[in-house]
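**Q** If you scroll down you'll find the structure; I have some questions about it.
Quick note: the coordinates plus some simple rules give every number you see, no bench work behind them. Note that the structure is a prediction, hence the values are computed from the model and not measured. When we count neighbours, we look across all protein chains shown, and the Cβ atoms used for this are built from the backbone with ideal geometry, even at glycine.
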Amino acid sequence: MNRRSSSRPRRGNPKNVAPPAAGHKGSGKLRIIGGEYRRRLLPILDSPGLRPTPDRVRETLFNWLAQACPGASVLDLYAGTGALGLEALSRGARAACFVEKNPAVSRALKDNLNTLDARGEVVAADAAAFLEGPASPYDLVFLDPPFRQDLAAVSCHALENRGWLAAVAYIYVETEHELEPDVPASWERHREVRAGDSTGRLYRRTASPPSDGC
């Protein structure tokens with residue numbers, strides 16, 4: 001779930017700010033940093049713990065992923081505001097799947113996708129349950145689970161073992177700063193960024209896809 005927002009609500013309604021959907025109480029704005037939707041501002045809900053990954057971290061991350069985004073299939077687990085998946089779509093990703101179990105948050109994310117007319121779908125489901133289902137391989141995965149619930153390592157190994165990753169894939173994992181998650185041996189840590197109480201690590205997978213039955 002994307003980093004819970006320190007964004008401040010803005011006054012007025014600048015022309016590039018979409019109004020909150022009916023029935024959705026906005027608490028702040030998510031800014032798309034680069035690409036097709038650059039500088040678009042989208043409403044985010046007033047929901048406990050909900051916050052997008054900070055702008056500085058997203059800018060750094062997507063500089064690293066500049067060559068990986070165009071044409072990529074993207075999975076945004078624990079999506080929350082969808083900040084990472086939306087940024088990837090803005091920068092040329094082919095399509096994105098957002099997994100978010102909170103019904104109100106998932107509806108708000110759908111509204112923002114519709115506002116942008118972006119190529120994405122939202123699955124209102126628990127991420128662990130989603131990973132147990134039928135798999136499709138993704139080129140780029142964002143994994144940002146709630147802190148201190150022991151979800152990162154389990155999710156990482158499910159991605160690897162159940163066929164969710166393309167033969168060559170990038171996986172971004174954001175955790176509490178004191179935790180270095182246990183990841184599959186086929187993942188090589190590519191880059192790392194620290195922001196506040198979180199650390200983001202970008203891994204590159206280069207193993208062959210899992211055989212049938214894994």
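**Q** Provide the descending list of Cα extents for the range 25-97 along its principal axes, expressed in whole angstroms.
**A** 35, 22, 18
**Q** How large is the translational diffusion coefficient of the range 26-205 in µm² per second when you combine the Kirkwood radius over alpha carbon pairs with Stokes-Einstein at 10 °C and 1.306 mPa s?
**A** Result for D is 99 µm²/s.
**Q** Looking at the range 87-141, which GluC sites (Glu not before Pro) are in a loop (DSSP not H, G, I, E or B) and have at most 16 other Cβ atoms within 10 Å?
**A** Hits after loop and neighbour filter: Glu132.
**Q** Report, in whole Å, the centroid distance computed from the Cα atoms of the range 70-131 and the range 179-209.
**A** Their Cα centres are 21 Å away from one another.
**Q** How large is the convex hull of the C-alpha atoms of the range 137-179 per residue, in Å³?
**A** Value for the range 137-179: 63 Å³ per residue.
**Q** How much length is gained if the chain between Glu132 and Asn63 is pulled fully straight, taking 0.36 nm per residue apart and subtracting their Cα-Cα distance, in nm to one decimal?
**A** Residue separation times 0.36 nm, minus the Cα-Cα distance, leaves 21.7 nm.
**Q** What percent of all Cα-Cα pairs in the range 102-163 falls into each 10 Å bin, going from 0 up to the bin containing the maximum distance?
**A** With a bin width of 10 Å, the distribution comes to 17, 46, 33, 4.
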